[in-house]
Amino acid sequence: MADGTFAVLMLILGITDMSRNYCGTDTGCLGKTPDQARLSFSAGEVLERQAEAAPEIYLRYDLGHKRGPFQPAFGVSVGEGGETWVGFGNTYEIDLGTRFYAELHSMPGLYFDNGGFDLGGPIAFRSGLELGYENRSGWRYAFSYDHRSNAGIYDDNPGIETVQFKVSIPLR
């Protein structure tokens with residue numbers, strides 16, 4: 001699953017959920033409803049594939065609302081070699097019961113290699129899966145796996161994967 005599979009999965013699950021649970025409501029299919037805003041901090045490792053294994057930090061802000069089943073989010077990550085990604089997209093959460101959850105995300109953005117790993121161009125898409133636990137205070141702890149690439153819009157599309165540990169803080 002080291003490509004756009006997570007983004008396609010998010011789209012299929014989200015549209016199915018939207019048609020079943022949101023389109024018949026007063027707000028409509030993509031109506032705006034309140035949700036928990038969160039600030040997330042992740043630290044992890046870029047996996048050795050075409051890139052060298054290296055640490056990366058990632059900060060994400062999930063806005064305090066949803067559009068249908070999708071929650072908008074902003075993100076920024078910085079790798080050890082100075083590689084920087086900044087993006088905006090959506091998350092889709094799946095309740096696994098008893099405080100456990102899965103979350104898919106898909107976020108287009110801009111990538112600056114800054115002398116580090118080259119993703120083939122400045123436009124890069126980030127998509128992934130997070131599996132986690134939410135405590136009674138609303139703090140979340142998760143393991144996350146994601147993929148970044150330019151989706152083939154440039155001649156060279158090496159792509160990278162990252163595994164991270166993530167902590168999300170609810171904002172009130």
Inside segment 118-159, the number of residues satisfying the requirement of being more than 14 Å from M107 (Cα to Cα) and polar (S, T, N, Q) is 4
For segment 127-172, which residues satisfy the criterion of being without any contact (Cβ under 8 Å) to a residue 24 or more places away in the chain and on the phi > 0 side of the Ramachandran plot? G152
What residue, among those in segment 91-112 that are hydroxyl-bearing (S, T, Y) and buried (at least 20 other Cβ atoms within 10 Å of the Cβ), is farthest from R38 (Cα to Cα)? Y111
Looking only at residues in segment 65-108 that are among the charged types (D, E, K, R) and not in a loop (DSSP other than H, G, I, E, B), which one is nearest to S42 (Cα to Cα)? E103
Mind counting the residues in segment 125-146 that are closer than 20 Å to A43 by Cβ and in contact with a Gly (Cβ under 9 Å, 6 or more places away or on another chain)? 9
Condition check: small (G, A, S), in contact with a Gly (Cβ under 8 Å, 6 or more places away or on another chain) and at pLDDT 95 or above. Does S149 satisfy that? no
For segment 1-64, give me every one of the strands (runs of 3 or more DSSP E) that falls completely inside it and has 3 or more residues that are closer than 17 Å to M107 by Cα. 37-46, 54-62
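The values are calculated or read from the model by the stated rules, or taken from the named source; none is laboratory data. Computed from a predicted model, the values in this text were never measured in an experiment. A quick note on method: Cβ atoms are made from the backbone with ideal geometry, for glycine too, and the neighbour counts reach across all protein chains shown.
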